[in-house]
1. Taking the options Ile292, Ile286, name whichever one is touching a Leu at 6+ places or on another chain (Cβ under 9 Å) and more than 15 Å from the ligand (Cβ to nearest atom).
2. Starting from residues that are within 15 Å of the chain's Cα centre (by Cα) and among the aliphatic types (A, V, I, L, M), keep the ones in segment 238-282 and report whichever is surrounded by the most Cβ atoms within 10 Å (Cβ to Cβ).
3. Of all residues in segment 212-228, count the ones that are in contact (Cβ under 8 Å) with a residue 40 or more places away in the chain, buried (at least 20 other Cβ atoms within 10 Å of the Cβ) and either in a loop (DSSP other than H, G, I, E, B) or of a type in the set (Asp, Glu) (or both).
4. Free of Cβ contacts under 8 Å to residues at least 24 places away in the same chain and surrounded by fewer than 21 Cβ atoms within 10 Å (Cβ to Cβ): which single residue out of Lys351, Lys305, Lys326 fits that description?
5. In segment 88-104, which residue that is over 16 Å from Gly317 (Cβ atoms) and not polar (S, T, N, Q) is surrounded by the fewest Cβ atoms within 10 Å (Cβ to Cβ)?
6. Determine whether Ala143 is under 18 Å from Met288 (Cβ atoms), buried (at least 23 other Cβ atoms within 10 Å of the Cβ) and without any contact (Cβ under 8 Å) to a residue 60 or more places away in the chain.
7. List pairs: first in segment 189-205 and among the basic types (Lys, Arg), second near the ligand (Cβ under 7 Å from one of its atoms) and assigned to a loop (DSSP other than H, G, I, E, B), Cβ under 6 Å, 6+ apart or cross-chain?
8. Considering each residue of segment 407-421, count those that are among the charged types (D, E, K, R) and loosely packed, with under 14 Cβ neighbours inside 10 Å, and give that number.
Amino acid sequence: MFKKVLIANRGEIAVRIIRTCRELGIKTVAIYSTADKDSLHVFLADEAVCIGGPRPQESYLNIPSIISAAEITGADAIHPGYGFLSENPGFAEICTACGMKFIGPSPETMVLMGDKAKAREVAIKAGVPVVPGSGIIKNVQEALKVCEEIGYPVLVKAAHGGGGRGMRLITSSKEAETLIVTAMAEAEAAFGSGEVYIEKYIENPRHIEIQVVADQFGNVMTFGERECSLQRRHQKVLEEAPSPFVDEDLRNKLSDAAKKIAEFINYEGAGTVEFLVDKDKNFYFIEMNTRIQVEHPVTEFVTEKDLIAKQIMAAAGEKLDISDVKLKGHAIEFRITCEDYEKDFRPTPGKIEKLLIPGGFGVRVDTHIYEGYRIPQYYDSLLAKLIVWGETREEAIKRGERALSEFIIEGNLKTTIPFHLKLLKDENFIKGALDTKILENKILPKLKS
Ligand code: MV4
């Protein structure tokens, strides 16, 4: 097992990782920017090193500073968390070259799955369904031919985008040429690669993902699905496990598909295989995330497994027990951000003057905030994740309402707590009638009126 892990991240996920390290008897090193000197992860870690200025480029993305901090403190492994350098193959390679274990998959796997067109090919070769579509498009003529073959509407996606960035919907041949040219130019500008591919557009799909953790011996554990359909501008606002739409048959099929992909690429570490699921329960692989994700706690609640511990143990070369993971009850995660939902979710960072955190049976809060803490303006607006568990979805919803109404965050800032309380009263949410369009098209307009 590792002796000392450096956490190359901040906020709630740094706190989350430090907690598991302590339970595993692993010493921790926090890194922080000058804007984060009063952050909770700095207090909770055994050691902390200031690595640069407030802007991510100066600190949490500053590879030489992070590696120096690891060398000075004698860390033998680096946990990247999510965001920042977590899916950066160059960083993983440098960690290895400097004699530190990067807690995640190999750089080669990150390169492969970071290319969404290559990831599609992997899925096809592994025998997993993908959305009807193409490989990398060579020129506009080929693109137009592919569009006609697939049939409109189609989506043009950036091969090096992902998470919804760099996507363009084409509904007819009239607009195809212009949109393909702009999509390629935008991809080049945003991701440094103009490579795009085309997929048939699936209308109002659900976004359902399977959590996996794989060890270094080819054992792949699956932990069931998460329902992540409720998103706003490709940002998830609430996640649940299990999905109210997934029955045992579909769960088995999705889990087998995720396992096939992980096995095919000899995956190592924690990862998430994303699927689109249509109203007829057809499912299609779209992407794989090669990191631990924000929403992992809903899976932890229903499986009673510490995913960060599994991830660290797999990285340390331990064997995983792949006997079936049983699911118990229902969990919901609410992302509490400092945004004003009445003003188009405008960020409102400020000082926390008063804080009362909910508790009680079936309630978990993952957060780095405390009374007197000032939220820096340089990072994302996530303040806390409230995760609730119930024997049934109905019970989890009731518990969510109770916990949200206990949650008090005051100061010169707004939070999304009132938004979540309203969301829980929405009839479509209560029915579990979720898809990737319902929040923006139906629920949010209703909240405004
Ligand atoms: C799609 C799609 C419909 N058809 N692909 C957006 C995020 C990225 N991971 C994939 N995304 C989508 N891909 C095809 N062929 C619709 C979406 C999509 C979406 C997916 C998940 C969650 C929210 C979404 C919101 C809009 C569109």
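Every read-out reported here was derived from the displayed coordinates using simple, explicitly stated rules and does not represent laboratory data. Nothing here was measured: the structure is a model prediction, and the numbers come from that model. Neighbour counts are summed over all protein chains in view; Cβ atoms, including those assigned to glycine, are modelled from backbone coordinates with ideal geometry.
1. When all the criteria are applied, what remains is Ile292.
2. Per the stated criteria, the residue is Ala241.
3. 3
4. Lys326
5. Ala97
6. So Ala143 does not fit the description; no.
7. Between residues of segment 189-205 that are among the basic types (Lys, Arg) and residues that are near the ligand (Cβ under 7 Å from one of its atoms) and assigned to a loop (DSSP other than H, G, I, E, B), the close pairs are Lys200/Val131.
8. 0
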